[in-house]
Amino acid sequence: MAYAWGAMSKSRSEVVQESRIKGIAAGAAAVATVTVGVVVSAPVAIVAAVPTAILGWRWWKHRAENGIRF
């Protein structure tokens with residue numbers, strides 16, 4: 001993401017809030033994937049795990065790039 005020279009970066013609380021939102025989204029996706037696996041079938045859950053893994057990776061990467069402890 002490119003920023004203009006005069007633009008201010010996000011405050012620490014904004015970064016932590018953004019991380020919290022990403023974490024909630026990743027957690028909800030994980031719960032949905034497990035639920036699909038239990039209710040429908042394991043092969044469908046494997047397909048549903050792909051977006052869950054992507055959301056989890058984005059959350060993990062965001063925390064690492066911004067120096068937020070795990």
Q: May I ask you to derive the relative contact order of region 12-65, considering only C-alpha pairs under 8 Å and at least 6 residues apart, and to give it as an integer percent?
A: 42 percent
Q: Taking the Cβ of W59 as the centre, find all other residues whose Cβ is under 13 Å away and add up their charges (Lys, Arg: +1; Asp, Glu: -1).
A: +3
Q | Karplus (6.51, -1.76, 1.60) ³J(HN,Hα), θ = phi - 60°, over region 48-63, in Hz, Gly and Pro reported as x | A | 5, 6, 4, x, 5, 5, 5, 4, x, 4, 4, 5, 4, 5, 4, 5
Q | Cα→Cβ-extended label distance, 7 Å offset, between A25 and V50, nm | A | 1.8 nm
Q) Which value, in Å to one decimal place, does the Kirkwood hydrodynamic radius take for the chain when every pair of different Cα atoms is included? A) 13.7 Å
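Where a number appears in this text, it was derived from the coordinates with a stated rule and is not lab data. Here the structure is a predicted model, which means the values were calculated and not measured. When we count neighbours, we look across all protein chains shown, and the Cβ atoms used for this are built from the backbone with ideal geometry, even at glycine.
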